[in-house]
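Since the structure comes first, as structure tokens, the remarks are kept for the end.
The values are calculated or read from the model by the stated rules, or taken from the named source; none is laboratory data. A quick note: this is a predicted structure, and the numbers were derived from the prediction, not measured. Here the Cβ is made from the backbone with ideal geometry for all residues, glycine too, and neighbour counts use every protein chain on show. All accessible areas refer to the heavy atoms of the entire protein, side chains included, with ligands and DNA or RNA removed. Shrake-Rupley method; radii C 1.70, N 1.55, O 1.52, S 1.80 Å.
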Amino acid sequence: MTTQQEPFPLDLSPDTIVELGRQAVELVARQVAGLPDAPASDYRDVARLSALVSRAPADGPGDFAALIETFRQAAEQGVNTAGPGYLAYFPAGGLVSSALAELLAQAANRYTGVAQTAPALVAMEEGVLSWLAGRFGLPAGAGGVVTTGASAATLSAVVAARHARLGPPSEDGGGADGGGPPGGGGPSGGTMNGTMYVTEHTHYSLAKAAQIAGLPAGRVRVVPTTADLRMDAGAAAAMIAADRAAGLRPFLLAGTAGSTSTGTIDRLGELGRLAREQGMWFHVDAAYGGGFQLTSRGRAALAGIEAADSITFDPHKSLFLPYGTGVLLVRDPAVLRAAHAGGGEYLQDLHEVDGLPDYGQLGVELTREFRGLRLWLPLHLHGVRAFEEALDEKLDLAGLVHRELSGDPRLEVPREPDLTVVLFRLRGCGDERNRRLLAEVNASRRVYLSSTTIGGAFYLRLCVLSCRTGAGRIKEALRIIRSAC
Ligand SMILES: *Cc1c(COP(=O)(O)O)cnc(C)c1O
């Protein structure tokens with residue numbers, strides 16, 4: 001029997017933690033320092049690295065420095081979503097202060113599925129949630145849950161809306177009937193008869209949530225938009241009336257505060273009024289636009305969001321946090337609880353803590369990582385004004401891009417940005433030529449743009465939202481675009 005110490009026992013000694021931590025944090029610092037010069041995209045070494053990283057782990061210990069070096073190289077392949085040139089799918093950059101919070105939270109590894117096991121940490125997360133709810137104008141008592149992203153938050157919002165407006169699903173697939181058509185408890189009634197209303201620009205996570213929640217296909221109604229790509233409230237009202245007349249049960253109206261394709265914000269005030277008149281749940285998808293609520297321009301653009309029954313918001317988009325942080329806010333957390341609560345004998349030792357929620361009862365997850373610190377630490381460390389100013393800067397930069405591209409006679413720039421998404425295409429050229437323009441711009445490896453389709457036509461799409469994108473990179477992007485035209 002050997003007493004020889006393995007280099008890395010499962011529980012590291014304090015000295016080893018400091019040493020490995022130093023190496024890891026130095027790597028982080030080097031990576032961040034290298035971002036301005038790093039390629040915006042790079043696929044040159046994918047094959048070698050994929051073979052290297054997919055090997056099975058050895059029985060014996062490895063070398064920490066070599067292992068994190070492998071990670072560093074693997075992370076360099078693909079699109080550099082943390083860099084200042086990333087102008088594609090809702091970039092965020094990823095605040096390092098939040099990554100440090102994540103290290104602390106994960107190392108502490110406290111249990112926040114219920115409040116009793118970590119009440120002060122749950123209070124920390126709850127403080128961020130109620131602050132956010134206040135910034136959206138929701139009443140005192142509003143709350144919610146921090147999720148992995150808006151898709152998970154949306155699923156819980158749809159399930160809560162269904163529960164609140166159609167009643168809990170019963171064994172026959174129907175639902176407790178609260179005033180629906182006769183026979184509402186049967187297979188053709190109750191929950192099965194629910195309909196929700198979106199537009200073609202609504203994020204597909206709404207339809208996905210409906211599908212996972214078991215809504216029959218076709219019950220997600222696509223309401224036409226007006227010429228400015230916003231939901232046509234009159235058309236929605238007509239569809240809701242027709243559906244009711246057909247024995248269906250309209251239960252959810254979804255407005256978007258910043259659509260993914262074009263960044264367009266629905267007329268939220270109008271939609272909120274319609275939902276209230278109809279007794280429907282008003283959901284606002286602010287996954288992208290939500291952070292701008294901290295700015296005065298954003299508040300003006302999102303006016304009406306305060307009437308929402310539920311709001312989804314992605315701090316990993318417009319609060320610049322690393323991926324994996326979404327928020328669901330609800331006007332009445334009791335409704336969320338009613339739709340998600342459960343229990344088991346093994347939980348009998350737990351009791352509720354006054355004034356604090358058990359997050360395991362508010363969402364899909366029971367055991368969950370403590371996500372509060374990754375919001376709390378950056379907000380308290382940098383201060384709210386730093387976020388407001390950074391978001392104002394992104395609005396200014398998007399305005400600059402719009403002005404400059406609009407002034408180029410070769411380009412067609414169809415819309416003024418509601419927030420920070422600018423669309424453009426070469427005037428008088430087909431989609432193929434515009435696709436080539438995008439490929440050429442991205443081949444610069446200094447910026448990375450995406451595209452979308454509006455009314456059947458291909459548009460290049462430039463979104464300013466990374467905490468690291470400043471005026472310098474935007475001017476460079478404009479030069480690259482112009483010379484590729
Ligand atoms: C990104 C996005 C989503 C989905 O959010 P995830 O965090 O990717 O799950 C939903 N709605 C809108 C408008 C989005 O932009």
Could you tell me the accessible area of VAL145 in Å² (1.4 Å probe, neighbours in place), rounded to the nearest ten? 10 Å²
Row for the stretch 218-374, column shape: gyration tensor on C-alpha, a ≥ b ≥ c, rounded if a/c < 1.5 i.e. under 1.5, prolate if a/b over b/c, else oblate; value oblate
Where in the stretch 347-438 are there GluC sites (Glu not before Pro) that are in a DSSP coil and have at most 14 other Cβ atoms within 10 angstrom of their Cβ? GLU352
Given a 1.4 Å probe and the protein chains all in place, what does the accessible area of SER54 round to, in Å² to the nearest 10? 90 Å²
Rounded accessible area of THR367 (nearest 10 Å², 1.4 Å probe): 100 Å²
Nearest-20 debye value, the chain charge dipole, Cβ charges on Lys, Arg, Asp, Glu: 1780 debye
Given N residues in the stretch 332-458, what is its alpha carbon radius of gyration divided by 2.2 N^0.38 Å? 1.73
Could you please state how large a percent of the accessible area of the stretch 14-82 is carbon and sulfur, counting protein chains only and using a 1.4 Å probe? 62 percent
Per residue, the convex hull volume that the Cα atoms of the stretch 61-114 enclose (Å³): 153 Å³
Computed ³J(HN,Hα) along the stretch 80-87: with the Karplus parameters 6.51/-1.76/1.60, θ = phi - 60°, integer Hz and x for glycine or proline, the list is 7, 6, 9, x, x, x, 7, 10
Run a plain Debye calculation on the stretch 14-82 (Cα atoms as equal point scatterers, no solvent) and give log10 I(q)/I(0) at q = 0.16, 0.18, 0.23 Å⁻¹, rounded to two decimals, same order as the q list. -0.67, -0.82, -1.09
Taking chymotrypsin sites (Phe, Trp or Tyr not before Pro) as exposed when in a DSSP loop with at most 14 other Cβ atoms inside 10 Å, the chain has its longest clean stretch at 324-485
I want the local charge near ALA65. Using Cβ-Cβ distances under 14 Å, sum +1 for each Lys or Arg and -1 for each Asp or Glu among the other residues. -1
Percent RCO, i.e. relative contact order, over the chain, from Cα pairs under 8 Å lying at least 6 residues apart: 21 percent
Do the sum for the chain: with -39,500 (n - 2.57) for every DSSP H run of n ≥ 4, divided by all residues, what is the mean residue ellipticity at 222 nm, to the nearest 500 deg cm²/dmol? -13000 deg cm²/dmol
Using the Cα centre of the stretch 14-82 as the reference point, and only Cβ charges (+1 on K/R, -1 on D/E), how large is the resulting charge dipole? Debye, rounded to the nearest 20. 200 debye
Antiparallel bridge percentage (DSSP; both residues within the chain; nearest 5): 60 percent
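How large is the accessible surface per residue of the stretch 14-82, computed with a 1.4 Å probe and reported in Å² as a whole number?
Roughly 67 Å² per residue, with all protein chains present.
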How about LYS475: which lysines have a C-alpha closer than 20 Å to its C-alpha, ignoring those fewer than 8 places off in the same chain? LYS394
Positive dipole terminus of the chain, leading residue within THR70, LEU328, GLN293 (C-beta point charges): GLN293
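I need the semi-axes of the equivalent ellipsoid of the stretch 414-485: take the C-alpha gyration tensor, multiply each eigenvalue by 5, square-root it, list largest first in whole angstrom.
Output for the stretch 414-485: semi-axes of 20, 15, 10 Å.
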With N denoting the number of residues in the chain, provide Rg(C-alpha) divided by 2.2 N^0.38 Å, to two decimal places. 1.06
Project the alpha carbons of the stretch 236-327 onto their principal axes and report the range along each, largest first, in whole Å. 46, 27, 22
